[in-house]
1. On the basis of being closer than 14 Å to B:Ala163 by Cβ and either modelled with pLDDT of 95 or more or within 11 Å of another protein chain (Cβ to nearest Cβ) (or both), does B:Ala70 make the cut?
2. From the list A:Val75, A:Val71, A:Val13, A:Val23, which one is surrounded by 12 or more Cβ atoms within 10 Å (Cβ to Cβ), at pLDDT 90 or above, away from chain B (no Cβ under 14 Å) and assigned to a helix (DSSP H, G or I)?
3. I'd like to know if the stretch B:180-187 contains one or more residues that are of a type in the set (Lys, Arg) and either closer than 17 Å to B:Arg118 by Cα or buried (at least 16 other Cβ atoms within 10 Å of the Cβ) (or both).
4. Which of (1) over 30 Å from B:Val50 (Cβ atoms); (2) within 14 Å of another protein chain (Cβ to nearest Cβ) does A:Glu104 not meet, given it meets every other one?
5. Condition first: in a loop (DSSP other than H, G, I, E, B), of a type in the set (Val, Ile, Thr) and under 21 Å from B:Lys190 (Cα atoms). Can you find one or more residues in the stretch B:106-118 that meet it?
6. In this structure, does A:Glu97 turn out to be acidic (Asp, Glu), at pLDDT 90 or above and within 30 Å of B:Asn172 (Cα to Cα)?
Amino acid sequence: MSFLLPIQFVLLVFIIFAASRAVLQFKGGMIRFGAMLFWLGIWAVAVVAIFYPETTTQFAKLLGIGRGVDVILYVSIAILFYLVFRLHVYLEDIRSEISTLIREISLKDVKKKK
Amino acid sequence: MKNLIIIPAFNESAVIETTLKDLRHSLMRDKVKADILLVDDGSSDNTGGVSAPHVDYLLTHTHNCGLGAALATGIEFARRGGYDACVTFDSDGQHDASDIARALEKLESGYDIVIGSRFVGSHSGMPIFRRVVLFIGNFITFLFFGVWTTDSQSGFRGLSKRAINNLVLKSNRMEVSSEFFSEIHRLSLKMCEIPIHIRYTKYSLGKGQKNTASMGVLIKLLYKVFG
């Protein structure tokens with residue numbers, strides 16, 4: 001059995017930490033079950049990519065990309081863009097809910113000219 | 001007809017008194033019966049206090065939510081108050097209150113929404129760059145919402161009872177102007193445009209929608225369409 005490379009060890013520790021956060025957030029009711037599964041899936045794929053880097057190269061070739069590390073970068077950037085987009089939509093929703101609240105307060109406190 | 005003039009305002013204490021006095025004077029001169037509602041959108045310069053003696057109703061947002069949210073508050077007030085028609089009117093003094101009577105006439109004749117357009121008839125005084133930006137805004141509005149208008153960013157609009165009761169505005173800020181057209185398309189509202197007179201002053205040009213803000217409006221519209 002070969003020893004872990006230092007980078008593999010560091011990444012593994014980080015992934016264990018991140019996966020535990022997803023589970024704890026689900027238990028605390030902060031994220032839904034589907035969201036926890038999504039993040040655990042992401043980290044599981046990351047574990048495979050760290051310990052079996054050749055699988056990423058095989059996947060890259062399937063997509064017509066030369067190196068495994070390139071496909072990881074491309075997919076990561078696409079996912080990040082999507083998550084930022086969803087985050088903006090989420091913030092807009094929160095802003096809208098705050099406005100609704102402020103609207104109701106103002107409508108209850110209407111000032112009429114005597 | 002029970003009519004309401006909705007005026008969203010944010011930090012307009014420098015001009016709001018003049019705007020409201022002109023408005024009241026015009027309504028009396030044109031024999032237009034309408035209540036005046038000012039929605040103070042979280043102003044920090046006592047806009048609400050200055051306006052209070054000159055309006056019929058005053059609503060105050062405790063926090064600045066944006067033009068879209070202030071308009072939605074005004075329309076919700078009209079809905080709950082059972083108004084038959086309302087007109088949205090800018091607080092910075094650039095709109096001419098004498099256009100209100102024509103907008104209400106159009107609504108009485110069966111239109112659901114009347115857009116006061118700066119591009120029907122004369123539009124002297126508008127800087128050329130702003131004209132170009134507004135044309136691009138009209139095109140994008142058409143592209144996203146399938147409704148062609150000569151002035152997608154106009155703040156002067158007339159709404160019928162059907163429009164008041166069915167419009168759903170979710171945009172909080174400047175992008176609300178385009179959202180009106182998305183609602184026109186969704187609800188198949190009968191729309192027309194009327195020429196309006198605009199008084200371009202240094203103050204109104206400074207306070208109005210900035211050309212540089214157009215990109216932000218575009219991004220918000222993308223969120224609305226794809227989000």
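The values are calculated or read from the model by the stated rules, or taken from the named source; none is laboratory data. Computed from a predicted structure; not experimentally measured. Note that each Cβ is placed from the backbone with ideal geometry, even for glycine, and that neighbours are counted across all protein chains shown.
1. In short, no.
2. Exactly one residue qualifies, and that residue is A:Val23.
3. Step one: of the stretch B:180-187, the residues of a type in the set (Lys, Arg) are B:186.
If we keep only those that are either closer than 17 Å to B:Arg118 by Cα or buried (at least 16 other Cβ atoms within 10 Å of the Cβ) (or both) too, we end up with none.
No; the residues of the stretch B:180-187 include none that is of a type in the set (Lys, Arg) and either closer than 17 Å to B:Arg118 by Cα or buried (at least 16 other Cβ atoms within 10 Å of the Cβ) (or both).
4. Condition (1) is where A:Glu104 drops out.
5. So far as the stretch B:106-118 goes, no, none of its residues is in a loop (DSSP other than H, G, I, E, B), of a type in the set (Val, Ile, Thr) and under 21 Å from B:Lys190 (Cα atoms).
6. yes
Let's see how each residue does on (1) within 14 Å of another protein chain (Cβ to nearest Cβ); (2) of a type in the set (Asp, Glu); (3) under 18 Å from B:Asp99 (Cβ atoms):
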position	(1), (2), (3)
B:Leu4	yes, no, yes
B:Ala14	no, no, no
B:Glu17	no, yes, no
B:Val32	no, no, yes
B:Ile36	yes, no, yes
B:Val39	yes, no, no
B:Thr47	yes, no, no
B:Tyr57	yes, no, no
B:Asn64	yes, no, no
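To keep it simple, each residue is scored yes or no on (1) over 14 Å from B:Arg157 (Cα atoms); (2) of a type in the set (Asp, Glu).
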| residue | (1), (2) |
| --- | --- |
| B:Asp56 | yes, yes |
| B:Thr62 | yes, no |
| B:Val87 | no, no |
| B:His95 | no, no |
